[in-house]
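One structure below.
Read the figures in this text as sums done on the coordinates, not as results from a lab. None of the values given here were measured: they were computed from a predicted structure. Note that each Cβ is placed from the backbone with ideal geometry, even for glycine, and that neighbours are counted across all protein chains shown.
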Amino acid sequence: MTSTTHGDLDKRIKEAEKQVVIGGVYRHYKHPERKYFVERVAIQEATLKPCVLYKDIATLSAPSFVRDLDSWLENVEWEGKMVPRFVLTPTSINT
């Protein structure tokens, strides 16, 4: 097994940040009425995979969640169609 340096992990984060808007507001396909704020991209320690750290912005005290980047970006089947799991919204947090 090879060692992974902080530099290697930083590169993974930078690549992931090209695919997710940090500070962006997204909607989830199952709950389009909710908005999720992307706080940052981080590395999941056990797998060394990039993950998205995000929270539901409806409540100030909402917990933060982590989802693997691959899962965040994937398309899923919903009501007979393939749709993105999360979609970036052009709206601000307050709308």
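Between GLU74, GLU33, GLU15, the Gaussian network model of the chain with springs among Cα atoms under 10 angstrom shows the greatest mean-square fluctuation at GLU33.
Partner lysines whose Cα lies under 27 Å from the Cα of LYS30, excluding those fewer than 8 positions away in the same chain, are identified as LYS18, LYS49, LYS55, LYS81.
If packing is taken as the mean number of other Cβ atoms within 10 Å per residue, what is the order of 83-90, 58-65, 22-29, highest first? Don't skip to the answer; put the middle values down first.
Working: 83-90: 14.0, 58-65: 9.1, 22-29: 15.5.
Final packing ranking: 22-29, 83-90, 58-65.
The C-alpha atoms of the chain define a longest principal axis, and helix 6-17 lies at about 20 degrees to it. Between the stretch 44-80 and the stretch 1-42, the C-alpha centres lie 8 angstrom from each other.
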